[in-house]
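Working notes for the structure below.
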Amino acid sequence: MPYHKNPPKVHHGTLSRLARASSLAAALGGDTPCGCRERETGHATRGMTGYVYLIVLSLSVINLQGCFPVVATGAGTGVLMAEDRRTSGAFIEDQGIELKASNRLDEKFKDTAHINITSYNRTVLMTGEVPTDATKQEAEKIVRGVPNVSNVLNETIIAGNSAYTSRSNDSYLTSKIKVRFVEAGKFQTNHVKVVTENNVVYLLGLVTRKEADSAVEIARTTSGAQKVVKVFEYLD
């Protein structure tokens, strides 16, 4: 694959602790530890251990005091890019795509549609709700017109905007899946991006087929997931 690279390892010291904290924080998406109780008691125990580990490492970062803002905006982002399988250019372009597409859609439709944009390796996933099929097609056309977009998967549905409770449940389900990724330890968790919309789970990433199968199985067997959609690019 053209965007695959071997992520460098970070060794020892404060930067090592920051790297591990950043990687785990990215995997969990900053959500609350509400997904620990999953099917088996053993999962709960490992989940709580992982959260304690994250809290300890986060406190170590905070103790950098005056250096913390520099680390958070500089090295933190650098660590995430270094551990990502996308090239640094694709990583940055994905962020730009999400921002530009979201802004253009908000400007065009305002509150009449609820469209989420996720870009991974220049492939854009559109999820959410739109009022009409015409709106769906127009929204996709807008996204395709954003610079650097190579492909668009339009998974929006024709319906009224989802309620806050529905979106909260989706965030909760996403966090549970991410926690189970960490607990399973079968792949580096920041290599698989999780997006949930209306209990449908979308998995994105540059992965091997074995990693993809593991991620799908974990997501599929997480309580609350109604369907899993693969949006992977394979390395093998």
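Of the conditions (1) of a type in the set (Ser, Thr, Tyr); (2) closer than 27 Å to residue 217 by Cα; (3) touching a residue at least 60 places away in the same chain (Cβ under 8 Å), residue 156 fails just one. Which one is it?
The one condition residue 156 does not meet is (3).
Could you grab me the full set of residues in the range 183-202 that are crowded, with 21+ Cβ neighbours inside 10 Å and either free of Cβ contacts under 8 Å to residues at least 40 places away in the same chain or hydrophobic (A, V, I, L, M, F, W, C) (or both)?
192, 194, 196, 201
All but one of (1) assigned to a helix (DSSP H, G or I); (2) out of contact with any strand residue (DSSP E or B) (no Cβ under 6 Å at 6 or more places or on another chain); (3) closer than 24 Å to residue 98 by Cβ hold for residue 170, so report the exception by its number.
(2)
If you go through the range 192-236 one residue at a time, how many are among the hydroxyl-bearing types (Ser, Thr, Tyr), outside any strand (DSSP E or B) and farther than 13 Å from residue 178 by Cβ?
4
So that you can scan it fast, the table gives a plain yes or no per residue for (1) farther than 15 Å from residue 198 by Cβ; (2) touching a residue at least 12 places away in the same chain (Cβ under 8 Å); (3) in contact with a helix residue (DSSP H, G or I) (Cβ under 9 Å, 6 or more places away or on another chain):
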residue	(1), (2), (3)
99	yes, no, no
109	yes, yes, yes
116	no, yes, yes
129	no, yes, no
147	yes, yes, yes
150	yes, yes, no
174	no, yes, no
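Quick one: residue 143 ticks every box in (1) assigned to a helix (DSSP H, G or I); (2) loosely packed, with under 15 Cβ neighbours inside 10 Å bar one, so which box is it?
(2)
I want to confirm something. Restricting to the range 86-97 and keeping residues that are within 21 Å of residue 203 (Cβ to Cβ) and in contact (Cβ under 8 Å) with a residue 40 or more places away in the chain, which single residue is surrounded by the most Cβ atoms within 10 Å (Cβ to Cβ)?
Residue satisfying both the conditions and the ranking: 97.
When you scan the range 112-123, do you find a residue that is among the aromatic types (Phe, Trp, Tyr) and closer than 21 Å to residue 205 by Cα, even just one?
yes
Quick test for you: out of 127, 73, pick the one residue that is of a type outside the set (A, V, I, L, M) and at pLDDT below 95.
Selected residue: 73, the only one of 127, 73 that is of a type outside the set (A, V, I, L, M) and at pLDDT below 95.
If I filter the range 99-118 down to residues being of a type in the set (S, T, N, Q) and outside any helix (DSSP H, G or I), which single residue comes out as surrounded by the fewest Cβ atoms within 10 Å (Cβ to Cβ)?
By that ranking, first place goes to 116.
The values are calculated or read from the model by the stated rules, or taken from the named source; none is laboratory data. Only a predicted model underlies this, so the values are computations on that prediction, with no experimental measurement involved. Note that we place each Cβ from the backbone using ideal geometry, even for glycine, and neighbour counts take in every protein chain shown.
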